[in-house]
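Reading through the structure tokens given below for one structure.
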């Protein structure tokens, strides 16, 4: 489905706000508004956001594993 009036950007911000536990207005698309690749800024406490990002990413596979 083609992008319409920024709905995809709004949806991305809404999902990320929920995932990071911040308000919808604390998430902004700052680059790539009309493209497939986005640059997102999330406002909040840097250490808390970094910790949450690590939680969302999960543990990296062990070095040398085939996972």
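Tabulated data
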item: Mean ellipticity per residue at 222 nm, deg cm²/dmol - from DSSP H runs of n ≥ 4 across the chain, formula -39500 (n - 2.57); result: -12500 deg cm²/dmol
item: Convex hull volume of region 7-57 per residue (C-alpha atoms, cubic angstrom); result: 74 Å³
item: Chain lengthening between residue 26 and residue 49 when straightened (0.36 nm per residue, less Cα-Cα); result: 7.1 nm
item: Nearest 10 degrees, 0 to 90: helix 46-57 Cα axis against the chain principal axis; result: 70 degrees
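FYI, it's all coordinate maths here, none of it is from the lab. Note that the structure is a prediction, hence the values are computed from the model and not measured.
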